[in-house]
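Below you'll find the structure, written out as structure tokens, and then a few comments.
The values are calculated or read from the model by the stated rules, or taken from the named source; none is laboratory data. Note that the coordinates shown come from a computational prediction; the quantities given were computed from them, not determined experimentally. Here the Cβ positions follow ideal geometry from the backbone for every residue, glycine too, while neighbour counts run over all protein chains shown.
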């Protein structure tokens with residue numbers, strides 16, 4: 001299933017490369033613009049922090065909207081760039097809440113780590129370890145937040161709840177998804193975040209949830225099935241047929257196939 005996910009993400013990015021690059025230009029502009037404005041102010045000053053906070057909100061609302069757009073691409077739905085405002089309207093409230101939580105979580109790290117480190121001893125160590133793992137669990141669960149919001153369309157409370165449930169029920173897969181996202185991000189620095197970029201990470205998260213939902217559909221139909229032995233080959237037959245078999249020549253010169 002993991003190998004198929006990597007394959008699907010690669011082909012989905014390739015098939016929509018121009019759109020991916022355009023969205024990545026948007027991410028680069030937000031990051032560069034926010035950083036430039038922030039450094040116009042005195043470090044750690046009120047203007048600096050206000051700029052950072054506004055940038056986080058803009059980034060997450062944009063990321064949530066892009067995630068919804070590429071989520072439809074993952075579902076093989078036809079969509080156009082002119083429909084992008086509709087994705088913003090759909091996701092902005094959830095993205096705003098995630099922004100608030102993320103700001104508090106980042107603030108807790110910057111304040112908590114120095115504080116517990118200064119305490120030292122066992123209490124300091126316990127505090128550092130606790131804060132570290134809470135942060136890790138949050139960032140791993142938030143991988144599913146926008147996909148859940150876009151594909152399952154539940155209330156905000158349920159979006160957060162299901163994100164944590166998916167993490168706890170798919171721990172090793174979630175670790176892989178996190179590492180995979182970090183690798184994509186690392187590769188993207190060599191292209192100034194244009195290819196594959198943050199958009200490809202969002203697409204991977206959407207694809208991951210889509211494929212993972214086949215597992216829950218299967219378990220719902222067969223309640224006595226072994227959760228540790230999911231017949232992925234059988235469940236992904238339709239997905240594999242949609243992707244098909246491709247050659248390098250066919251990918252670069254599809255009209256010659």
Any pair with Cβ under 8 angstrom, 6 or more apart, that starts in the stretch 83-102 at a residue that is on the phi < 0 side of the Ramachandran plot and touching a residue at least 40 places away in the same chain (Cβ under 8 Å) and ends at one that is surrounded by fewer than 17 Cβ atoms within 10 Å (Cβ to Cβ) and part of a helix (DSSP H, G or I): 93/156; 94/156; 97/156
Does the stretch 109-123 include one or more residues that are under 25 Å from residue 175 (Cβ atoms) and either in contact (Cβ under 8 Å) with a residue 24 or more places away in the chain or in contact with a strand residue (DSSP E or B) (Cβ under 8 Å, 6 or more places away or on another chain) (or both)? yes
Members of the stretch 163-183 that are buried (at least 21 other Cβ atoms within 10 Å of the Cβ) and either closer than 15 Å to residue 28 by Cβ or touching a residue at least 40 places away in the same chain (Cβ under 8 Å) (or both): 166
Among the residues of the stretch 98-141, what is the count of those that are over 22 Å from residue 177 (Cβ atoms) and part of a helix (DSSP H, G or I)? 26
When you go through (1) in contact (Cβ under 8 Å) with a residue 40 or more places away in the chain; (2) surrounded by fewer than 19 Cβ atoms within 10 Å (Cβ to Cβ); (3) in a helix (DSSP H, G or I) one by one for residue 194, which number turns out not to apply? (3)
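Quickly run through the stretch 8-18 and pick out the residues that are part of a helix (DSSP H, G or I), touching a helix residue (DSSP H, G or I) at 6+ places or on another chain (Cβ under 7 Å) and surrounded by 14 or more Cβ atoms within 10 Å (Cβ to Cβ). Before the answer, list the steps.
Going residue by residue through the stretch 8-18, those that are part of a helix (DSSP H, G or I) are 8-15, 17-18.
Right, trim to touching a helix residue (DSSP H, G or I) at 6+ places or on another chain (Cβ under 7 Å) and you get 8-9, 11-14.
Those that are part of a helix (DSSP H, G or I), touching a helix residue (DSSP H, G or I) at 6+ places or on another chain (Cβ under 7 Å) and surrounded by 14 or more Cβ atoms within 10 Å (Cβ to Cβ): 8, 9, 11, 12, 13.
Each row is one residue, and each column tells you yes or no for (1) within 17 Å of the chain's Cα centre (by Cα); (2) within 19 Å of residue 190 (Cβ to Cβ); (3) touching a residue at least 24 places away in the same chain (Cβ under 8 Å).
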| position | (1), (2), (3) |
| --- | --- |
| 4 | no, no, yes |
| 27 | yes, yes, yes |
| 33 | no, no, no |
| 38 | no, no, no |
| 44 | no, no, no |
Which listed residue, of 78, 83, is surrounded by fewer than 16 Cβ atoms within 10 Å (Cβ to Cβ), within 30 Å of residue 241 (Cα to Cα), modelled with pLDDT of 90 or more and more than 17 Å from the chain's Cα centre (by Cα): 83
Among (1) surrounded by 13 or more Cβ atoms within 10 Å (Cβ to Cβ); (2) closer than 28 Å to residue 213 by Cβ; (3) at pLDDT 90 or above, residue 103 falls short only on (2)
Please pick out the residue among 142, 136, 129 that is surrounded by fewer than 18 Cβ atoms within 10 Å (Cβ to Cβ) and under 20 Å from residue 202 (Cα atoms). 136
